[in-house]
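The values are calculated or read from the model by the stated rules, or taken from the named source; none is laboratory data. Note that this is a predicted model, so its numbers are computed, not measured. Here the Cβ is made from the backbone with ideal geometry for all residues, glycine too, and neighbour counts use every protein chain on show. With ligands, DNA and RNA removed, areas are computed over all heavy atoms of the protein, side chains included. Shrake-Rupley method; radii C 1.70, N 1.55, O 1.52, S 1.80 Å.
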Amino acid sequence: MRSLLFSILVRPVILFVLGINIRHREKLPGSGPVVIIANHNSHLDTLVLMSLFHGKSFQKVRPVAAGDYFMKNKFLAFFSTKVMNIIPIQRKMTKDIQGMFSPILEALEDDSIIILFPEGSRGEAEQLSRYKSGIYYLMREVPDIDIVPVFLYGLGKALPKGSFIFVPFFVDILVGESFKYNENRKEFMDTLNERMDNLGEEGQFKEW
């Protein structure tokens, strides 16, 4: 069902209705385990990122999503877990870090390609928020796994937060160099923010 949905609906819409310009596609991982981090302005973000993968790598893609939102009713929970194959987690930080991230850690052990939005929730259209430190505590558990930054531009205009009206808009995707965990939390978060800032600046977007 998942592969069929993306083949007959998601990819055609993205390619022919939105239009995609992806820079540095060669830096996208072909296999896991790996964590992809991206900025988050629209529900379309996950669909677009997933559509970049094909074949065996597509089967390994697992987006991390807020369990309190995507599991709130049976229909949404079915679509989210069976079609999107999300990993639902609670957004509230707890002292039980391993327990909170255990579904993600298990997926990484299974060589998954994890999609994660460290901003925590969708921001305003084309506005980059500072990232929350949850990503630091996750990567502390798997310090040898690569992190690949991806910058998305345009989806916040195609389907902005709070809107149900889809507006065709050209989308730019920039893939950055991978990096790894640094035990110094400040340095790690500074690196993460710097990588995303640099990708945004590389795009030379008018609003950036």
* Asked: What full-extension length gain, to one decimal in nm, is calculated for V17 and D110 as 0.36 nm per residue of separation minus the Cα-Cα distance?
  -> 30.1 nm
* To do: Would you mind putting 74-80, 100-106 in packing order, based on average other-beta-carbon counts within 10 Å, highest first?
  => 100-106, 74-80
* **Cα-centre dipole for the stretch 1-74 with unit charges at Cβ (Lys and Arg positive, Asp and Glu negative), debye to 20** => 200 debye
* Structure fact -> Projecting the Cα atoms of H54, F75, V10 onto the charge dipole of the stretch 10-89, where Lys and Arg contribute +1 and Asp and Glu -1 at Cβ, the residue farthest towards the positive end is H54
* Accessible-area value, E26, 1.4 Å probe, nucleic acids and ligands omitted, Å² -> 140 Å²
* Grab the Cα-Cα distance for K186 and R140, subtract it from 0.36 nm times how many residues apart they are, and report the gain in nm with one decimal. => 15.2 nm
* Asked: At D197 and R2, where each label point lies 7 Å from the Cα along Cα→Cβ, what is the point-to-point distance in nanometres?
  -> 3.6 nm
* Efficiency of FRET between A77 and R25 - r from beta-carbon atoms, R0 41 angstrom, step 0.05 -> 0.80
* Asked: Taking the mean number of other Cβ atoms within 10 Å as a proxy for protection, how do you rank 147-155, 7-15 from highest to lowest?
  -> 147-155, 7-15
* Solvent-accessible area of E177 with every protein chain in place, 1.4 Å probe, in Å² to the nearest 10 -> 110 Å²
